[in-house]
Amino acid sequence: MLVRRQEKGDVDLKFIELGIGNRWLIRTETELSDGTEFEEKGIIYPIKFQSLYLRFWIGKTVLILDSKDGFKRTTKNRNEVKIILGIKSL
């Protein structure tokens, strides 16, 4: 498992995810304040816990159960199959 410290500035959110359907089994997706986002293999520290979520993406339907925001159902434009356990971090 890759574990690194965050080196880029102006990070708004990080999503540390474990599951099937992404490029890597464990990844960190980082969203910057300018709207850009990128993903990296492994866990990128530091983690400032905001919430824990479970995401099921089947076809175009995405179901999200979040410890902070509750239940959400959304639709996407593309078909995917993903089952993800994640941590939302600052």
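Worth pointing out:
- Whichever residue in the range 44-57 is in a strand (DSSP E or B) and at pLDDT below 95 and, among such residues, is surrounded by the fewest Cβ atoms within 10 Å (Cβ to Cβ): Tyr45
- The condition of being within 17 Å of Gly21 (Cα to Cα), at pLDDT 95 or above and either charged (D, E, K, R) or outside any strand (DSSP E or B) (or both) holds for only one of Lys68, Lys60, that being Lys60.
- Among residues of the range 25-48, those that are closer than 12 Å to Asp12 by Cα and of a type in the set (Asp, Glu), counted: 4
- Ile16 among the aliphatic types (A, V, I, L, M), closer than 28 Å to Asn79 by Cβ, surrounded by 15 or more Cβ atoms within 10 Å (Cβ to Cβ) and modelled with pLDDT of 95 or more: yes
The values are calculated or read from the model by the stated rules, or taken from the named source; none is laboratory data. Because the structure is a prediction, the values reported are computed rather than measured. Cβ atoms come from the backbone with ideal geometry, glycine included; neighbour counts cover every protein chain shown.
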